[in-house]
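Asks: Mind looking over this structure? Questions follow.
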Amino acid sequence: MYPPIEPFKTGFLKVSDIHNLYYELVGNPQGTPVIFLHGGPGGGCDPKDRCFFNPEKYKIILLDQRGAGKSTPIASLEENTTWDLVKDCEKLREHLEVDKWHVFGGSWGSTLSLAYAQSHPDRVKSLVLRGIFTLRKSELRFFYQEGTSMLFPEAWDDFIAPIPQAERKDMLLAYHAQLNSADEETCAKAAKAWTRWEMWTSKLHVDAAQVAMAENDKFALAFSRIENHYFINEGWMRDGQLLEKQSIDKIRHIPCIIVQGRYDVVCPATTAYDLKKVWPESTLHIVPDAGHSSREPGIAKLLVSATDKFSDF
């Protein structure tokens, strides 16, 4: 990854009567524009996210999505859907007077990248996608009901602990009730448990520092409430919509590089493989010794290689 770098401009974009979105510009003001779409949803951007791009060649645009990061109001679910976020990307592009840009997204960011590109294919120069997630019921079931639970039983015990035994047949629904409880203690406890589960399972080797992020009340609440809100509502999409031929045909002409960890148990490799099958023109790299996180060495190396490849495009 490239060395740490500070933004040359930061700002807020008012996208509705409710939401103000934080954005920052990094790198070369005259460079080729690229937008970084963070995961979660609800995760927000991190300074390290600036470092996937050559700062001499790219004008790097980072956006905290609705309710996430420095955007306000934090953890808000109102007017917060996939299609609101797609419209936000367009509003930001127009605000910054960008004609076309490269789009980079991992995990939920890959979902939003696909949704945006399929909505505005004429505005996308290239796609770099990591840890593919398309919000299918099968993907949600694997991570939140039965699948990853068999690989991380001790972390799963911690995840299900706040939920009464009788409600564990639908963990998304059970968590929805607690994350939106009027009782602040119930809500905070559920938010931390939800966030710990994802942080615990995100790397091939468990990262204690990443797990500790769940103890940040503000981050945990935004991360858990917004994720659960999106998943309960199935992204406001048909099951498998992003992988339908009619959807892929809209973006088939766009150069795309996909980077996927072989042992990703948050967004399993089967989804990246399914995307490659319906979009054979794309390039798929499966990293043999990695999980879900963009920070794992093999994944980070390939992501930087991909952005370097597209930097003069």
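Every number here is computed from the coordinates shown, using simple stated rules; none is lab data. Note that the structure is predicted; figures quoted are calculated from it, not measured. Don't worry about glycine lacking a Cβ; one is built from the backbone with ideal geometry, like all the others, and counts go over all protein chains shown.
Asks: What nm distance separates the two modelled labels at I18 and E185, each placed 7 Å from Cα along Cα→Cβ?
Replies: 2.9 nm
Asks: Could you calculate, for region 138-235, the ratio of the Cα radius of gyration to the Kirkwood radius, expressed as Rg to Rh?
Replies: Taking Rh as the inverse mean 1/r over Cα pairs, Rg/Rh reads 0.93.
Asks: For the chain, what relative contact order do you get, as a whole percent, if you take Cα pairs closer than 8 Å and at least 6 residues apart?
Replies: So the answer I get is 19 percent.
Asks: Then there is this: How long is the gain from E90 to K250 if the chain were fully straight, where each residue apart is worth 0.36 nm and the alpha carbon distance is subtracted?
Replies: 55.9 nm
Asks: Calculate how steeply helix 269-278 sits against the longest principal axis of the alpha-carbon atoms of the chain, using the helix alpha-carbon long axis, and give the answer as 0 to 90 degrees to the nearest 10.
Replies: With rounding to tens, the tilt is 40 degrees.
Asks: Then there's this: Take the cross-link list K9/K70; K87/K218; K137/K189 and give me the ones stretching past 24 Å between alpha-carbons.
Replies: The answer is K87/K218; K137/K189.
Asks: In nanometres, what is the gap between the two model label sites at T283 and W236, each 7 Å from Cα along Cα-to-Cβ?
Replies: If labels sit at T283 and W236, their model points lie 3.5 nm apart.
Asks: Find how many whole Å separate the alpha carbon centroid of region 191-225 from the alpha carbon centroid of region 236-313.
Replies: 24 Å
Asks: Another one. Would you list, by chain and number, the aspartates and glutamates whose Cα falls below 15 Å from the Cα of K203, excluding same-chain residues fewer than 8 positions away?
Replies: D264, D289, E296
Asks: Decide, for region 211-293, between rounded, prolate and oblate: order the square roots of the alpha carbon gyration tensor eigenvalues as a ≥ b ≥ c, take rounded if a/c falls under 1.5, and otherwise choose prolate if a/b is larger than b/c, else oblate.
Replies: oblate
Asks: Would you mind ranking E56, E24, E234 by Cβ crowding within 10 Å, fewest neighbours first?
Replies: Starting with the residue having the fewest Cβ neighbours, the order is E56, E234, E24.
Asks: Compute the angle between helix 297-310 and the longest alpha-carbon principal axis of the chain, please, reported from 0 to 90 degrees and rounded to the nearest 10.
Replies: The angle comes out at about 30 degrees.
Asks: Which of these values of Cα Rg over 2.2 N^0.38 Å was calculated from the structure shown: (i) 1.56; (ii) 1.01; (iii) 0.94?
Replies: Label of the calculated value: (iii).
Asks: Still on this structure, please answer the following. Once a ≥ b ≥ c are taken as the square roots of the eigenvalues of the Cα gyration tensor of region 32-163, is the result rounded (a/c under 1.5), prolate (a/b larger than b/c) or oblate (a/b not larger than b/c)?
Replies: It is prolate, given that a/c is not under 1.5 and a/b is the larger ratio.
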